[in-house]
Structure formats: C-alpha cells, structure tokens
1. Kindly indicate whether VAL223 is over 23 Å from ALA128 (Cβ atoms), surrounded by fewer than 20 Cβ atoms within 10 Å (Cβ to Cβ) and under 19 Å from the mean Cα position of the chain (by Cα).
2. Assuming CYS100 fulfils every condition listed in (1) crowded, with 19+ Cβ neighbours inside 10 Å; (2) out of contact with any His (no Cβ under 6 Å at 6 or more places or on another chain); (3) closer than 29 Å to ARG6 by Cα; (4) not aromatic (Phe, Trp, Tyr) apart from one, which condition is it?
3. Failed condition for LEU56, given (1) within 9 Å of the ligand (Cβ to nearest atom); (2) buried (at least 22 other Cβ atoms within 10 Å of the Cβ); (3) touching a residue at least 60 places away in the same chain (Cβ under 8 Å), with all others met?
4. Go through the range 59-83 and count every residue that is in contact (Cβ under 8 Å) with a residue 24 or more places away in the chain, more than 9 Å from the ligand (Cβ to nearest atom) and farther than 18 Å from ALA154 by Cα.
5. If VAL48 passes every condition in (1) within 11 Å of the ligand (Cβ to nearest atom); (2) of a type outside the set (Asp, Glu); (3) over 17 Å from ALA97 (Cβ atoms) but one, which one does it miss?
6. Confirm whether ALA149 is more than 10 Å from the ligand (Cβ to nearest atom), within 30 Å of LYS10 (Cβ to Cβ), modelled with pLDDT of 95 or more and crowded, with 20+ Cβ neighbours inside 10 Å.
7. From the list ALA154, ALA191, ALA173, which residue is at pLDDT 95 or above and part of a helix (DSSP H, G or I)?
8. Could you please find all residues in the range 84-97 being free of Cβ contacts under 8 Å to residues at least 12 places away in the same chain and either surrounded by 15 or more Cβ atoms within 10 Å (Cβ to Cβ) or within 30 Å of GLN168 (Cα to Cα) (or both)?
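The values are calculated or read from the model by the stated rules, or taken from the named source; none is laboratory data. As the structure is a prediction and not an experimental result, all values here were calculated from the model. As a convention, Cβ positions derive from the backbone with ideal geometry for all residues, glycine included, and neighbour counts pool all protein chains shown.
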Amino acid sequence: MDALQRYTAKGHYQVQGWLWPGAIQLIAALAGLQRNFGVQGGMGEIGVHHGRLFILLHLLSTPGERSAAWDLFEDQDQNIDASGRGDYARLLANLQAHGCDLGRIQLLKANSMELDSDQVRGVLGGGARLFSVDGGHTAPLTYTDLRTASEALAEGGIVMLDDFYNEQWPGVAEGALSFLLDHPDQLFPVAIGGNKVCFTHSAEWAHRYQEALARSGPGAHKVSELTGKPVLVFRFPQHRGSWLGRILRRLYRLGR
Ligand SMILES: C[S@@+](CC[C@H](N)C(=O)[O-])C[C@H]1O[C@@H](n2cnc3c(N)ncnc32)[C@H](O)[C@@H]1O
C-alpha cells in the first residue's frame, strides 16, 4: 500500500478536521480524470486547519507539482467566524506522519482577504489543478476566496468549495452565489458531493468532466442545475463519522 492508499483507507481518520468519505471519492475521481486529460498544476488550499484535506490533495500530486496551503495559523484573533483553527505545528506533524514530500510543500501564514491569484501562482509555480476553498465561512471571505481560487486555476483546474449547503454556515452560500451571479463566466459547476461543490473555469471543461463522471464516476448521481448551469449531484451514504474513525482518532490522541 502506498501513502495515498493508506491515507484514504484509514490515515485521514487520524487527522482532526472536516473531510467526508464521499468527498474523498469525488476528489480522487476528479484527480484520476485530470491524469487522463493531461491536466497539470499545483495543489492549493485556503483554510487548512490540521491538514485533513490538504494531505489528500498533496498525496494526489505528482513529483513535478507543488502544493501550498494558506491559513491564519497563530493569528486566530483574525478568525472572525471561528471556522476551524489552523495549527502550524500540528499540520507539519501530520504532513510528516502521512508521507508527504515536504520539499514540494509551502505553508503560508496569511489572511486570505489579502491574498491574490498572482501570489498563489507564484508559490505554485503556475496555475492550480485542484484548489480547496475552506477558510473563513463569512460571505465576504467566501466571495474573495472564490475569486482568488478561480483566477489561479490551471487549464482544466478544479476549485472545490466546502459547506455550500451546510445550514450552520449561511455565509458560504451567500458569498458563493453572489460570486457566481456577479461572474457568470468565471466558474462552472461540475459536481456536488460529500459536502463539496466542485467548479471549473469553462463550460467545455465542465461538460468534459461531467460526461466522464457520469460514465465511470464515484457513485449514483442525478443531473441538476446550479445558477442555470448543469451540475452532477452525487448521492453518497450519509456521513455520521464511522465508529472505526472515532476509535482511531481516540487512539491517535492518546498516543501523542
Ligand atoms: C474549516 S477549517 C479548514 C478545514 C480543513 N480544510 C480540513 O481539511 O479539515 C477553516 C480554516 O480556515 C482558517 N481561516 C479562517 N479565516 C481565515 C482567513 N481569513 N484567512 C485564512 N485562513 C482562515 C482557520 O484558521 C481554519 O484553519
């Protein structure tokens, strides 16, 4: 078993954070399609907490690709809606524990309100092929982070947004819908599943991904619409946090 297989099977349960099994399936499927389509680029995330999703993104990267995460880390006084709590030391330990190549990773302290796509491209050495938006969950932060992420995409790149349909975080839907309606040609929905909404930068790319996902995707789905554009909605088993995950997490914490 390689590091990616170990992490998707059990390892992610040892990292505190938010990543549903359905999201792992969807992201792995998208990364597989990117390989087939020849899409290349860096892996990025705004809002990394302890690295639960970022580790997966990095393990899906190839040796020539860079990964970067932006978070407030110790500047939690700027975390205005208390969405998670980045922890640099814990993140670093988790990256090491799960077989990440630290030589290809940058962890950057930033308030994402001050981050732009040129900075992202500079750090990644080009555009991003998978970029997660999971930082502050207010409407203005979601709007700004989606703009940064969408402007930083590589050809065929994907932005994934967390908590769009989570009733605990209404600012995410507000910020995302405002951005999508203000910029109808910037992001095109691809798929919804596992608490993620995934977008790409053109209708052609969205269609290409959707055709392939519908043929050999990660599970049952239906075709729906988001802001008047087609989107595949995947139906994964309800996420309740598995008993195995809870036990593994407890054992892991006891061992630290
Ligand atoms: C929900 S957590 C991220 C969860 C993570 N993606 C995972 O895989 O578990 C949100 C993160 O965003 C960070 N954050 C909140 N506001 C931010 C801001 N304005 N700029 C950058 N990071 C921010 C927090 O410190 C926290 O680590």
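1. On the way: over 23 Å from ALA128 (Cβ atoms): yes; surrounded by fewer than 20 Cβ atoms within 10 Å (Cβ to Cβ): yes; under 19 Å from the mean Cα position of the chain (by Cα): no.
Taking the combined requirement at face value, the residue does not satisfy it.
2. Just one mismatch for CYS100, condition (2).
3. Of everything listed in (1) within 9 Å of the ligand (Cβ to nearest atom); (2) buried (at least 22 other Cβ atoms within 10 Å of the Cβ); (3) touching a residue at least 60 places away in the same chain (Cβ under 8 Å), LEU56 misses just condition (3).
4. Start the filter on the range 59-83 by keeping residues that are in contact (Cβ under 8 Å) with a residue 24 or more places away in the chain, which leaves 59-61, 63-75, 78-81, 83.
Okay, now just the ones that are also more than 9 Å from the ligand (Cβ to nearest atom), so 59-61, 63-68, 74.
Of the ones still in play, those that are also farther than 18 Å from ALA154 by Cα are 59, 74.
Count: 2.
5. Every listed condition holds for VAL48 apart from (3).
6. Yes.
7. Working: ALA154 fails: part of a helix (DSSP H, G or I); ALA191 fails: part of a helix (DSSP H, G or I).
Answer to the check: ALA173.
8. Just the residues of the range 84-97 that are free of Cβ contacts under 8 Å to residues at least 12 places away in the same chain, to begin with: 89, 93, 96.
ALA89, ALA93 - these are the residues of the range 84-97 that are free of Cβ contacts under 8 Å to residues at least 12 places away in the same chain and either surrounded by 15 or more Cβ atoms within 10 Å (Cβ to Cβ) or within 30 Å of GLN168 (Cα to Cα) (or both).
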